[in-house]
Amino acid sequence: MSHIPLSHTFRKSFQVFVDLLFPPVCAGCEKKGVNWCADCQSQIGVLTEPLCLKCGSPAKKTVHQCPQCVDNAYSFVSLRSWVVFEGPTRSALHRLKYKRDWLLGDTFAFHLSDFVRQLDWQVEMVIPIPLGRKRRKKRGYNQVEVITAPLAVYLDLPHAPRALTRAKETRTQVGLSAAERRENVKSVFQAKPAFVKGRSILLMDDVATTGATLSSAADALLSAGASQVYALTVARALPHHDLRHV
């Protein structure tokens, strides 16, 4: 049995107390009484094969690297996303980003833990993509950590949110083209060798668009001595989605 950190237990207990005072509504459809309902769960668009084995994007047939991977030379071993960034999932991630819904993070972590086990990645530590200091101070928390903290518990792995930092502030990726996104996050991360040296890392973000942020962070982790990096997101924006709003 894995040890559940007190901070995680406290957050869940506190959220349950809050829910008693202010009954929850579904993050996908606003149905009262639950933070993620069965109807919204049934509507999620799970990404299924054939996929590019490198970046996880849908393909006409399974390939080891699609043209996008060849052009971008991603630093992670593989990227996978649980669902498509649309419908109730999009609404839920927006709520998680701006309304600090701890139980929603736990709900996503529960589903993601099964997803990661099916991938059978040999990983030893969970690390979230960090926010810049100014953005974290303004928001008060990192929405990705709301998922990675319980995910690490479910997977019985160490959680190291301080292993990776942003060396400088960047523009938000929302509204940027694919090329602008790559340039915006180039060499922006720093990793601490004391945490990651020799370890296989599970690196997580909420949404994958071009893969630029995850690849840049993977660069930093590998430079700090990580043995390999696997990238995971809750959702993936597909080519028909407008990047100006992702």
- Query: Right, Ser42: among the hydroxyl-bearing types (Ser, Thr, Tyr) and crowded, with 16+ Cβ neighbours inside 10 Å or not?
  - Reply: no
- Query: Only one of these conditions is not met by Phe85: (1) in contact with a Lys or Arg (Cβ under 8 Å, 6 or more places away or on another chain); (2) of a type outside the set (Asp, Glu); (3) within 19 Å of Val229 (Cα to Cα). Which number is it?
  - Reply: (3)
- Message: Could you list, ordered by first residue, the pairs with Cβ atoms under 7 Å in which the first is in the range 143-162 and of a type in the set (D, E, K, R) and the second is surrounded by fewer than 20 Cβ atoms within 10 Å (Cβ to Cβ) and part of a loop (DSSP other than H, G, I, E, B), at least 6 apart or interchain?
- Response: Glu145/Pro161; Asp156/Ser2
- Keeping to the range 58-80, report how many residues are small (Gly, Ala, Ser) and in contact with a Pro (Cβ under 8 Å, 6 or more places away or on another chain). 1
- For Asp106, state whether it is more than 19 Å from Asn142 (Cα to Cα) and assigned to a helix (DSSP H, G or I). no
- Note on the structure: The one condition Gly225 fails out of (1) at pLDDT 95 or above; (2) on the phi < 0 side of the Ramachandran plot; (3) surrounded by fewer than 20 Cβ atoms within 10 Å (Cβ to Cβ) is (2)
- Message: Can you say whether Lys97 is in contact with a Cys (Cβ under 6 Å, 6 or more places away or on another chain) and of a type in the set (D, E, K, R), as far as the supplied structure shows?
- Response: no
- Task: Considering only the range 90-105, state which residues are surrounded by 20 or more Cβ atoms within 10 Å (Cβ to Cβ) and either under 13 Å from the mean Cα position of the chain (by Cα) or without any contact (Cβ under 8 Å) to a residue 40 or more places away in the chain (or both).
- Result: Leu93, Leu96, Gly105
- Taking into account only those residues within the range 87-115 that are of a type outside the set (A, V, I, L, M) and in contact with a strand residue (DSSP E or B) (Cβ under 8 Å, 6 or more places away or on another chain), which is farthest from Lys186 (Cα to Cα)? His111
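The values are calculated or read from the model by the stated rules, or taken from the named source; none is laboratory data. Every value quoted in this text rests on a predicted model; they were computed, and no experiment measured them. Backbone-built Cβ (ideal geometry, glycine too); neighbour counts: all protein chains shown.
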